[in-house]
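Just below is one structure, and these are the notes that go with it.
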Amino acid sequence: MGLFGFGRKKREAKEAREAEDLEKAEKTEDAVEDAAAQAADEQEPQSPAFPPAAADTYVGRGEQYGPWDVNDENVPDYDEYLDMGSYYLPFLLGIQLRIKANRKTGQVLGATITFGASSLEIEAFAAPKTMGLWDDMRADLLAANDKATQKAGVFGTEVMLPVTIKGGRTVMTRVVGIDGPRWMLRGVFSGRAAVAEGPETDALNKFFADIVVERGDEPLAPRDLIPMHPPVTPKQRRAAEQAAADAEGNGKRDVPGKPKGPFDSDQQVQVETTLSRGPMFSEVR
């Protein structure tokens with residue numbers, strides 16, 4: 001009897017240890033799940049993927065989507081962007097940059113990005129403090145061009161504008177406008193990105209949405225172009241900032257050759273060659 005009693009006690013002790021180990025494992029698993037749930041609750045919400053669905057109104061600029069203002073709370077890090085003065089251009093492998101400039105003065109008035117069979121012309125305008133500019137500018141485009149139409153797009157209401165180019169051929173362009181704090185950024189898409197969906201269109205839409213605008217503090221009338229300057233690479237910008245800090249004892253940026261505005265968007269312009277920016281931009285001649 002003693003032998004059988006000893007075996008039963010041993011078995012009962014083993015079962016007790018197994019039960020205790022199982023309880024500890026369940027507690028550990030629960031603790032891991034609780035920690036994961038807490039981390040998920042505390043994690044900052046991610047911005048929705050771009051582009052949003054086509055709509056009459058572009059919602060979320062400065063919070064979920066760009067184009068961004070330099071003072072937006074959620075503005076992306078643009079240290080490695082190309083500085084154009086009124087805006088900073090993001091990185092996109094394989095694009096080419098052309099500069100639009102005044103024929104007589106050489107003042108920079110805008111930039112055009114070419115990517116595959118598509119292009120995007122970018123201009124930044126001063127806007128009123130209390131209201132946007134795109135609604136009025138869009139109405140002017142529709143009034144001045146009887147073949148122009150408007151439709152819902154990824155940037156809100158967009159204008160489909162036929163344009164006659166050299167040689168008499170008519171091509172369709174897609175004009176979008178985004179209102180920011182005291183500025184409006186206009187993009188004119190042409191080629192495949194104006195009329196069809198696909199990788200080129202998606203890439204240029206995202207490129208436009210990633211631009212960061214710097215309005216500046218100087219007084220400008222609504223529809224004045226925000227002053228620009230020739231492209232400044234991140235390396236050049238850091239060198240200028242360091243030189244200014246060494247000379248003046250502060251970090252004030254001093255971009256060489258930065259012009260004074262305002263500029264008139266109706267001035268005659270020409271395309272100028274720009275410097276290449278590493279793998280980002282190919283030189284255009």
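Potential lengthening of the chain between Asp202 and Asn74 amounts to 43.9 nm, from the contour at 0.36 nm per residue minus the alpha-carbon distance. Spatially, region 116-153 and region 177-220 are offset by 11 Å when compared through their Cα centroids. Rounded, prolate or oblate: pick one for region 128-208, where a ≥ b ≥ c are the square roots of the eigenvalues of its C-alpha gyration tensor, a/c under 1.5 means rounded, and failing that, prolate if a/b is larger than b/c, else oblate. Because a/c hits 1.5 or more and a/b fails to exceed b/c, region 128-208 counts as oblate. Between Ala244 and Val163, the simple label model (points 7 Å from Cα in the Cβ direction) yields a spacing of 3.3 nm.
Any read-out appearing in this document is the output of simple, stated calculations on the displayed coordinates, not a laboratory observation. Predicted model only: the values in this text are computed from it and were never measured. Methodologically, a virtual Cβ is constructed for each residue, glycine included, from the backbone with ideal geometry; neighbour enumeration extends over all protein chains shown.
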